[in-house]
Amino acid sequence: MKPILDRRLREKSYGEAEGKPQEWLDRRFVPPPAVGERMDHDENVKGAETKAAWAQRVYAAMDEILQSPCAHQILVTHGGSLTFVVASWIKMPIESAGYASFRAPSGSITTLHEDDFFHNRHVVSLGDTLHLDPAHAD
């Protein structure tokens with residue numbers, strides 16, 4: 001197989017914070033409110049992508065990827081973007097994704113499945129790392 005690079009699956013852009021130490025971002029970052037506007041929230045970092053823009057590009061990538069007529073697909077993405085991959089997969093409205101968080105460890109595998117009869121979409125596993133355990137290596 002030849003991999004297809006889709007930059008829409010990349011991690012969130014943090015604008016001027018890119019390449020700077022985490023503590024630089026931590027001093028400036030304004031977290032989203034518990035209630036209210038979360039998707040277009042200004043995190044106080046110049047040039048940073050909003051959660052809405054981030055979600056929209058991942059959802060757009062998923063819409064296109066799922067048009068592909070094949071039995072199996074493998075997506076590789078960053079942990080933060082995984083939230084929007086899963087949210088898109090289960091057809092969560094994008095405006096509701098502001099409260100969603102599907103976290104998984106680096107190198108883990110998340111398995112998504114659509115059944116052939118009802119066409120229900122399942123999150124079979126989220127962040128499985130069993131393949132990284134040397135005791136389970138073949």
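Net charge of the neighbourhood of Leu112, taken over other residues with C-beta under 15 Å away and scored Lys/Arg +1, Asp/Glu -1, is -3. Coupling constants for the range 4-16 follow from the phi torsions by the Karplus curve (6.51 cos²θ - 1.76 cosθ + 1.60, θ = phi - 60°), and in residue order they are 10, 7, 10, 5, 5, 8, 5, 6, 4, 8, 9, x, 5 Hz; glycine and proline get x.
Taken over the C-alpha atoms, the range 1-112 has Rg and Dmax values of 15.0, 46 angstrom.
The lysines whose alpha-carbon is closer than 19 Å to the alpha-carbon of Lys46, local same-chain residues fewer than 8 away aside, are Lys12, Lys20.
For the range 1-67, the carbon plus sulfur part of the accessible surface works out to 54%, probe radius 1.4 Å. Applying the criteria of a DSSP loop state and at most 13 other Cβ atoms within 10 Å to the trypsin sites (Lys or Arg not before Pro) of the range 29-138 yields Lys46, Lys91, Arg103. Among the GluC sites (Glu not before Pro) in the range 1-69, those placed in a DSSP loop whose Cβ has at most 15 other Cβ atoms within 10 Å are Glu11, Glu18, Glu37.
Put simply, the amide H of Gly127, placed in the peptide plane, has neighbours under 5 Å in Ile109, Thr110, Thr111, leaving out anything fewer than 5 places away on its chain. With θ taken as phi - 60° and the Karplus curve 6.51 cos²θ - 1.76 cosθ + 1.60 applied, the whole-hertz 3J(HN,Hα) list for the range 62-69 is 4, 4, 5, 4, 6, 6, 5, x Hz, x standing for glycine and proline. Take the range 9-138 with all the other protein chains still there, run a 1.4 Å probe, and you get 65 Å² of accessible area per residue.
The values are calculated or read from the model by the stated rules, or taken from the named source; none is laboratory data. Every value quoted in this text rests on a predicted model; they were computed, and no experiment measured them. Counting neighbours? That spans all protein chains shown, and the Cβs are built from the backbone with ideal geometry, glycine included. For the accessible areas, the whole protein counts, side chains as well, though only heavy atoms, and no ligand, DNA or RNA atoms are used. Shrake-Rupley method; radii C 1.70, N 1.55, O 1.52, S 1.80 Å.
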